[in-house]
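These notes concern the structure reproduced below.
The values are calculated or read from the model by the stated rules, or taken from the named source; none is laboratory data. Remember, predicted model here, so these are calculated numbers, not experimental data. Ideal geometry is used to build each Cβ from the backbone, glycine not excepted, and the neighbour counts take in all protein chains shown. Accessible surface is based on the protein model in full, side chains and every heavy atom, while ligands, DNA and RNA are left aside. Shrake-Rupley method; radii C 1.70, N 1.55, O 1.52, S 1.80 Å.
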Amino acid sequence: NWDYYPWFQKISFRDGVLSFRLNDLIKPYLLQLEKYFLKYEFDTSIAFKSIYSLRIYEIIKTLYGSCQKSKTTFDIKLKDLREMTDTADKFESFSRFRAKVLDISAKEISEYSDIILTYNTKKRGRSIDSIIFYLTEKNKIRSIEAPDPEPAAPREDPIPGQVNLGDVYKIIDLLAERTIPCTSTQAEQLFVAYNSEIGERFLNNLDYVAKNNRIKNRVAYLLKIANDNVAKEVETPIESLEKKSKGRKKKVETIEPMSESRKQAYIDMEVEFAEDLWPDLD
């Protein structure tokens, strides 16, 4: 059983003028909407180059509106997301789905729309079970207040608590390119931790953290090593201990080498310590 409603009762073209009359039967679906609809800027919709960017934007904005903007984190089952984006029979491997759908969509939505979108994955066993999306409204990111008519003398050090909106966007974009979820608050903390500069030290540390799969909370670890430059081969306490041990062979010959699991436990302990210092990190 099904019904079919044509959009138009009549369409005509006369002397360069196109006229049409909509079907009265579809009026309730177009003009009497009271809930379950999404409205967004036309410029936003035409800016997206990927059809999946628009679809995921509609999904996230609908969820955001349905909860009265009380939530900014949305957990969607991978199976459901594939159905909603019409990719159930496309991009069979998750790596292709991530590259063709998730990565492109998160980047374009953050660049062209009114929100910044990042994501993370959640496993069930060894398989990806859900996609967790993190939404941040651009107009809620704190920016520098307008200067006084008579600007004060320039300061050598950045004013604590004042972060440029563009810098926050840049940090979020840099982390999103490496599939590291980051909220606007975390981006501000990173910017301040690195002396209000997105320089070589920050980029070196970011590349190191992005490539190290043993680090669970990458944002917390970035904050922890803010004063280090890992590109200069900064040694962890474990590596330093092992290096000293090699120099005293006679004393450590009977000691078994540290296992990979124990190294990972030590790294996890360092990250937990960093999370205690930064409790507002996800």
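Determine whether D89 is free of Cβ contacts under 8 Å to residues at least 12 places away in the same chain, open to solvent by 40 Å² or more (accessible area, probe 1.4 Å), farther than 27 Å from A187 by Cβ and not β-branched (V, I, T). Here the answer is yes, as D89 does meet what is asked. Taken together, the residues in the range 182-201 that are within 26 Å of N139 (Cβ to Cβ) and either hydrophobic (A, V, I, L, M, F, W, C) or open to solvent by less than 30 Å² (accessible area, probe 1.4 Å) (or both) amount to 11.
Residues in the range 202-225 that are among the charged types (D, E, K, R) and open to solvent by 60 Å² or more (accessible area, probe 1.4 Å): K211, R214, K216, K224. All conditions but one from (1) open to solvent by 40 Å² or more (accessible area, probe 1.4 Å); (2) aromatic (F, W, Y); (3) closer than 17 Å to R82 by Cβ apply to Y112; the one that does not is (3). In the condition set (1) at pLDDT 90 or above; (2) not in a helix (DSSP H, G or I), Y36 is compliant with all but (1). For the range 63-99, the tally of residues that are β-branched (V, I, T) and outside any strand (DSSP E or B) stands at 3.
Only residues that are assigned to a loop (DSSP other than H, G, I, E, B) and of a type outside the set (A, V, I, L, M, F, W, C) were counted across the range 164-220, and they come to 15. Residue count for the range 39-67, restricted to those that are in contact with a helix residue (DSSP H, G or I) (Cβ under 9 Å, 6 or more places away or on another chain), open to solvent by 70 Å² or more (accessible area, probe 1.4 Å) and under 13 Å from L102 (Cα atoms): 1.
The number of residues in the range 108-120 that are assigned to a helix (DSSP H, G or I) and closer than 17 Å to T73 by Cα comes to 2.
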